[in-house]
Amino acid sequence: DDGPYSKGSKDSGGMEAALVSRRQSIPEEFRGVTIVELIKKEGSTLGLTISGGTDKDGKPRVSNLRPGGLAARSDQLNVGDYIKSVNGINLTKLRHDEIISLLKNVGERVVLEVEYELPPAVPESSAGIIPKTIEVSLYKEGNSFGFVLRGGAHEDWHKSRPLVLTYVRPGGPADREGSLKIGDRLLSVDGIPLHSMTHADALNILRQCSQEALFQIEYDVTIMDTVANASGPLLVEIAKTPGSTLGITLTTAMHRNKQVIVIDKIKPASVVDRCGALHVGDHILSIDGTSTEHCSLLEATQLLAATSENVKLEILPVHQSRLPLKPPETVKVQKSDHHHCWDPCVNYCHTHHPGHCKTPTWNQTSGQDYCKSLVAANFSSPTMNVQGFPCQNSNTLPRSSHPMSPRTTMLRRRQKKKEHKSSLSLASSTVGPGGQIVHTETTEVVLRGDPLNGFGLQLQGGIFATETLSSPPLVRFIEPDSPAERCGLLQVGDRVLSINGIATEDGTMEEANQLLRDAALTNKVVLEIEFDVAESVIPSSGTFHVKLPKKRGVELGITIS
């Protein structure tokens, strides 16, 4: 039961000790004080559970607020707050049972002196975050707008904080409106700026507001580098609070003579706006695993409305819907929460507040709403010459103007291969169309198949099957559970340089397919494959979680010693 902001301690060793002392009190430099006045009706309770006392572990603190109870609806208390005094009676020397009976018999006007942990100061590095503002109109209920506010200006500037929402009460006005989230900053109410106000003054202004008030709120939007640099579809997982909406409206658009579902509008401050992974114009390829390929707009909208707390959307980001579709092979890299002794981040990363970690991409926005963006694993995206734009796939070797014989091409390739073995310097790297730095490597893949089903590999290249290929054919599709998939070494977009030792480059597409069919009759084929290797998706220091997609029966390709 840490306070509203569960903070780690300064050093991982003293973790336990810090927690125990934190349970006793809040360090002076993080301590805020507020006065809470509750008026209870005859015979009703406060709806407040308090733990602690001289005979118990730690100082008196709020351990539970009964939902719907008086204390919870006051929107002035958080679980974890310390109660210093009740109606002027100091609680420090009282036992637990004395505190309980005091609260029971206190009369109808209850004044609590409350100590709370100040919200974190503005994060040092906000590289991965852009603040945005929004105006929200809320109606008062009881005497409150349904959120707990903490922070504010203070004569000791070390303790000055923005006015931060530390809790949004489920079912209250702010929650029903849906825009406000824990961690948002309140900038003004009805045009009155609050930035230089103390906590008490700000609360007074909120009390004096009319029934309807206009709030100006600042919230954080994560900058998703992974989305900007991605090539091909991404799988975006969004966790939202139950019952809340994502905040996107869909529409249809034409893409390559096919109707596709795209994002039409994104509601400001909604879960989707904050997570920074989705943009207007992105194609939605699937919703929770259901493909939208044949969906009408109404069906897609219904699917979106029916999503649960964890929504998985497969999207093609708007900046690259020009590129061909790729399967959503995803690799996920996230900063690890576990501090290890070898982790250089520990020195300056003593809280779990997103801004403190120096790897800005993996930011969690707020409590329950966060968004993981998954980077497509096959980073370079070969573009086909089909629609008459020049081929962007610069990774296949530079072409000289005169045609080459198979001999010289293979020679070129061999040299290229050697280069890679000796060093993977950036000199041999190119930038894939997704902006990802990649280098190419070649490997030999042996597949065993049968004449009936072949190897499960579909190739693509050239516009007509009968023209001579100017670059090696690409793997267009890998059939599920086929030898090509089970070998675990092939991905869509790989270039097939040779089939059973015969170079594909100077033949036609038809000949390449014939070579595969002939090989299937002998139940075995040897392919030489050129593939792209991403230089690195991982920041250079720290401990990371890497999540790889794994298909049943397909090896990952690592041995552990």
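Checking the stretch 251-269 against the condition returns no match, with no residue being polar (S, T, N, Q) and within 17 Å of K312 (Cα to Cα). Just one of the listed residues (T249, T245) is surrounded by fewer than 18 Cβ atoms within 10 Å (Cβ to Cβ), closer than 23 Å to K132 by Cα, modelled with pLDDT of 90 or more and polar (S, T, N, Q), namely T249.
Residues of the stretch 200-239 that are under 25 Å from V262 (Cβ atoms), open to solvent by 20 Å² or more (accessible area, probe 1.4 Å) and outside any strand (DSSP E or B): I223, D225, A228, N229. Give the residue that is nearest to V271 (Cα to Cα), with candidates limited to residues of the stretch 185-197 that are open to solvent by less than 50 Å² (accessible area, probe 1.4 Å) and of a type outside the set (G, A, S). Looking at the filtered set, the residue picked out is R185.
Looking at I205, is it at pLDDT 90 or above, more than 21 Å from the chain's Cα centre (by Cα), within 17 Å of R150 (Cβ to Cβ) and β-branched (V, I, T)? Taking the combined requirement at face value, the residue satisfies it.
Could you count how many residues in the stretch 155-184 are surrounded by fewer than 18 Cβ atoms within 10 Å (Cβ to Cβ) and of a type in the set (F, W, Y)? Result for the stretch 155-184: 1. The strands (runs of 3 or more DSSP E) found entirely in the stretch 422-466 that carry 2 or more residues being at pLDDT 70 or above and assigned by the TED database to the domain that holds N513 are 437-448, 457-460.
Residues in the stretch 256-273 that are part of a strand (DSSP E or B) and exposed (fewer than 14 other Cβ atoms within 10 Å of the Cβ) were compared, and the one that is modelled with the lowest pLDDT is K258.
Give me the pairs, please: first residue somewhere in the stretch 202-222 and closer than 16 Å to L165 by Cα and outside the structural domain of D190 (by the TED database), second residue anywhere and aromatic (F, W, Y) and open to solvent by 10 Å² or more (accessible area, probe 1.4 Å), beta-carbon distance under 6 Å, and either six or more positions apart or on two chains. The qualifying pairs do not exist here.
Is at least one residue of the stretch 550-560 among the basic types (K, R), free of Cβ contacts under 8 Å to residues at least 12 places away in the same chain and open to solvent by 30 Å² or more (accessible area, probe 1.4 Å)? Yes, the stretch 550-560 has at least one match. Scanning the stretch 166-186 for residues that are in contact with a helix residue (DSSP H, G or I) (Cβ under 8 Å, 6 or more places away or on another chain), in a strand (DSSP E or B) and in contact (Cβ under 8 Å) with a residue 40 or more places away in the chain yields no hits at all. When the stretch 288-315 is examined, which residues are found to be surrounded by fewer than 14 Cβ atoms within 10 Å (Cβ to Cβ) and not in a strand (DSSP E or B)? If the condition is that a residue be surrounded by fewer than 14 Cβ atoms within 10 Å (Cβ to Cβ) and not in a strand (DSSP E or B), then G289, E293, H294, S296, L298, Q302, A305, A306, S308, E309 are the ones that fit. Residues that are in the same structural domain as A174 (by the TED database), part of a helix (DSSP H, G or I) and on the phi < 0 side of the Ramachandran plot do not occur anywhere in the stretch 274-287. Taking the stretch 484-539 on its own, how many of its residues are touching a residue at least 60 places away in the same chain (Cβ under 8 Å), part of a helix (DSSP H, G or I) and within 21 Å of G462 (Cα to Cα)? Qualifying residue count, the stretch 484-539: 2. For the stretch 507-535, a residue qualifies if it is over 22 Å from E485 (Cα atoms) and open to solvent by 70 Å² or more (accessible area, probe 1.4 Å), and the qualifying residues are E510, E511. Across the stretch 53-90, the number of residues qualifying as farther than 27 Å from F145 by Cβ and either modelled with pLDDT under 90 or of a type in the set (F, W, Y) (or both) comes to 7. Among the residues of the stretch 449-469, is any of a type in the set (F, W, Y) and surrounded by 20 or more Cβ atoms within 10 Å (Cβ to Cβ)? Checked the stretch 449-469: at least one residue is of a type in the set (F, W, Y) and surrounded by 20 or more Cβ atoms within 10 Å (Cβ to Cβ).
The values are calculated or read from the model by the stated rules, or taken from the named source; none is laboratory data. Because the structure is a prediction, the values reported are computed rather than measured. For neighbour counting, all protein chains shown are included, and Cβ atoms are generated from backbone atoms with ideal geometry for every residue, glycine included. Just the protein is used for accessible areas: all its heavy atoms, side chains included, with ligands, DNA and RNA removed. Shrake-Rupley method; radii C 1.70, N 1.55, O 1.52, S 1.80 Å.
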